[in-house]
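First comes the structure, then the notes that go with it.
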Amino acid sequence: MPDASGSHDSALLQRVHHVVERVRTAERQFGRKPGSVMILPVSKTHPTSDIKTIVSAGFTAFGESYLQEAEKKIATLADLNLQWHFIGPIQSNKTASIARLFHWVHSIDREKIAQRLNEQRSANLPPLNVCLQVNISGEESKSGVSPAQVHDLATQVVKLPRLRLRGLMAIPVRSHDFETQRQAFHAVQEIFRTIDTEPEISAPDWDTLSMGMSDDLEAAIAEGATILRVGTDIFGPRE
Ligand SMILES: *Cc1c(COP(=O)(O)O)cnc(C)c1O
């Protein structure tokens, strides 16, 4: 007879398989190459036991937003050699730890933070993969560089040798309407393509569009997302 934790784990596995199915279906529907869209499970607020369950389903990269919480989990799970993505807002006094512990940072939104990460990334580690977070819906309360300033930021960040500029991240304002969701992601894709053609930026590894979460991942796939950051629909609701 399954115990309580067994049924908790099987519910988790069922949810993650359902998300994989949604992603594969959307890839087919929108003419994306099968398997080309990466699912990044966002484990913030969820325990390391749940991360291990998702690892058992074949996932090796996880997203976290809160540094203190992430530090503990990364230490606890060190044996698993997981890849950690920092996706939350960054205060300057946190950059040293982020530069030491993470493989990716999705949420660069100002030059000062990029410079600090560049200075603090150890020469013993590969360059830190970074995306620039764009405030696509122009919400005053949200972090992210404005669309008008993202070119300038990219021009600065691409020069930093300990950072590897990969692309853009965005969190559009919540909407339950597919076309509205799609318009916002389309605007991010347009910025992504424009920067790709800028000779003074010319980032050699410009290949990542980190957009789409539990509620809007199909629209993001339709507009070229390469990494989906999925929390709730994999791990369940956050307290
Ligand atoms: C929490 C979080 C997510 C996951 O959101 P869900 O709606 O739970 O899928 C994605 N991206 C960022 C930046 C987050 O902070």
Exercise for review: Could you check the simple spin-label distance between T60 and K112, using points 7 Å along Cα→Cβ, in nm with one decimal?
Suggested key: 3.8
Check your understanding: So how far apart, in nm, are the two label points at T48 and H186 if each is 7 Å from Cα heading toward Cβ?
Key -> 4.6
Point to revise | Extended-chain gain in nm, criterion 0.36 nm per residue less alpha-carbon gap, F178 and Q14 | key: 56.6 nm
Review point. Can you give the extra length, in nm with one decimal, that the chain gains between Q68 and T25 once fully stretched, where that is 0.36 nm per residue apart less the Cα-Cα distance?
Key: 11.9 nm
Practice item. Normalising by the residue count of the chain, find the relative contact order in percent from Cα pairs under 8 Å and 6+ residues apart. Key: 21
Check your understanding: For segment 125-174, what's the relative contact order in percent, using C-alpha pairs closer than 8 Å and at least 6 residues apart?
Key -> 51
Review point. Stretched out fully, how many nm does the piece from E139 to Q156 gain, at 0.36 nm a residue minus the Cα gap?
Key: 3.7 nm
Check your understanding: Which value in Å does the Kirkwood hydrodynamic radius of segment 58-176 take, with 1/r averaged over all unlike C-alpha pairs and then inverted?
Key -> 14.7
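Calculate, in whole percent, how much of the Cα-Cα pair population of segment 81-151 lies beyond 14 Å.
Cα-Cα pairs of segment 81-151 separated by over 14 Å account for 58 percent.
Give the dimensionless ratio obtained when the Cα radius of gyration of the chain is divided by 2.2 N^0.38 Å.
Working it through for the chain, the quotient is 1.00.
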Point to revise | Computed FRET value (nearest 0.05) for A148 with S5, which takes r as the C-beta separation and R₀ as 35 Å | key: 0.10
Check your understanding: What residues qualify as long-range amide H neighbours of V105, i.e. H under 5 Å apart, gap of 5 or more or another chain, H built at 1.01 Å from N?
Key -> F86, N129, V130, C131
**Study point:** Under-5 Å amide H pairs with M38, H placed in peptide plane, nonlocal only
**Key:** I227, L228
Study note, to complete from the structure: Along segment 168-176, Karplus-curve 3J(HN,Hα) (6.51, -1.76, 1.60; θ = phi - 60°) to the nearest Hz, with x for Gly and Pro, reads 10, 10, 8, 10, x, 4, 4, 8, 9
Revision key, fill the gap. Residue-ordered couplings for segment 133-145, obtained by feeding phi - 60° into the Karplus form 6.51 cos²θ - 1.76 cosθ + 1.60 and rounding to whole Hz (Gly and Pro as x), are 8, 9, 7, 6, 8, x, 6, 5, 7, 9, 6, x, 7
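None of the figures in this text is laboratory data; all of them are computed from the coordinates on show. If you're wondering where the values come from, they're calculated on a predicted model, not measured in any experiment. As a convention, Cβ positions derive from the backbone with ideal geometry for all residues, glycine included, and neighbour counts pool all protein chains shown.
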